[in-house]
């Protein structure tokens, strides 16, 4: 089980500083690297409006895709904090905090991230922070709300349930569902917690190509009343 300060992930390959120009579609970001334009893959389902903006600094690593030759690894937020922006690593990081858990578990016709004994676990990655509050999601997510509903149904069937939130930046002091952006998910999350689910909020920081476990943080005191 990682302790604060432990490295939980190391990105392979050299990291190159670039400047973001635009995001022509969900998975592609156009950047400029020393005067040369490149197309980089962005593996994050969120909208990231506060991060993927013209002029923002980013770090990319070499990868090969059909239309891209690099992957966005981290992006500098407006306040100067570096934010990990690759959701492919979330499962590997979460697994370190769930030793012995089974991954990608089918429940009926759906799938949850982990099962540990009689407990089902769903992992959510968070990159949005406003005034010290980590917020999820940054865009409406029907799938996320369905996950919360499925966990609640499992609770009612006698299983345990847990939500693990990975906050991929170190400037959050607490976590709240994003009521303003996605009230449906937020209500489903609130109902799940009220039914007895556990919530772990884990904060990380980015250091020289490594993801470091920073600390555990709590739900914001007013998270259910917004």
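Values for this structure:
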| read-out | value |
| --- | --- |
| Test for residue 103: is it surrounded by fewer than 22 Cβ atoms within 10 Å (Cβ to Cβ), in contact (Cβ under 8 Å) with a residue 40 or more places away in the chain and in a strand (DSSP E or B) | no |
| From the options 216, 203, residue that is modelled with pLDDT of 95 or more, on the phi < 0 side of the Ramachandran plot and surrounded by fewer than 14 Cβ atoms within 10 Å (Cβ to Cβ) | 216 |
| Residue that is surrounded by the most Cβ atoms within 10 Å (Cβ to Cβ), among those in the range 38-79 that are within 14 Å of residue 127 (Cβ to Cβ) and in contact with a helix residue (DSSP H, G or I) (Cβ under 9 Å, 6 or more places away or on another chain) | 44 |
| Answer from 112, 98 - the residue that is assigned to a strand (DSSP E or B), closer than 29 Å to residue 143 by Cα and either in the same structural domain as residue 169 (by TED's automatic domain parsing) or without any contact (Cβ under 8 Å) to a residue 60 or more places away in the chain (or both) | 112 |
| Subset of the range 182-200 [assigned to a strand (DSSP E or B) and either on the phi > 0 side of the Ramachandran plot or out of contact with any strand residue (DSSP E or B) (no Cβ under 6 Å at 6 or more places or on another chain) (or both)] | none |
| Any hit, the range 25-37, residues being in a loop (DSSP other than H, G, I, E, B) and buried (at least 19 other Cβ atoms within 10 Å of the Cβ) | no |
| Within the range 133-143, tally of residues that are farther than 18 Å from residue 106 by Cβ and not in a loop (DSSP other than H, G, I, E, B) | 5 |
| The listed residue being at pLDDT 95 or above and touching a strand residue (DSSP E or B) at 6+ places or on another chain (Cβ under 9 Å), out of 100, 80, 46, 65 | 100 |
| In the range 155-174, the residues that are over 21 Å from residue 8 (Cα atoms) and crowded, with 20+ Cβ neighbours inside 10 Å | 161 |
| The one condition in (1) under 24 Å from residue 84 (Cα atoms); (2) out of contact with any strand residue (DSSP E or B) (no Cβ under 7 Å at 6 or more places or on another chain); (3) crowded, with 23+ Cβ neighbours inside 10 Å that residue 148 fails to fulfil | (1) |
| Which numbered condition residue 19 misses (of (1) over 16 Å from residue 53 (Cβ atoms); (2) not in a loop (DSSP other than H, G, I, E, B)) | (1) |
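The values are calculated or read from the model by the stated rules, or taken from the named source; none is laboratory data. Since the model is a prediction, treat every value here as computed from it, not as a measurement. Note: ideal-geometry Cβ built from the backbone for every residue, glycine included; neighbour counts use all protein chains shown.
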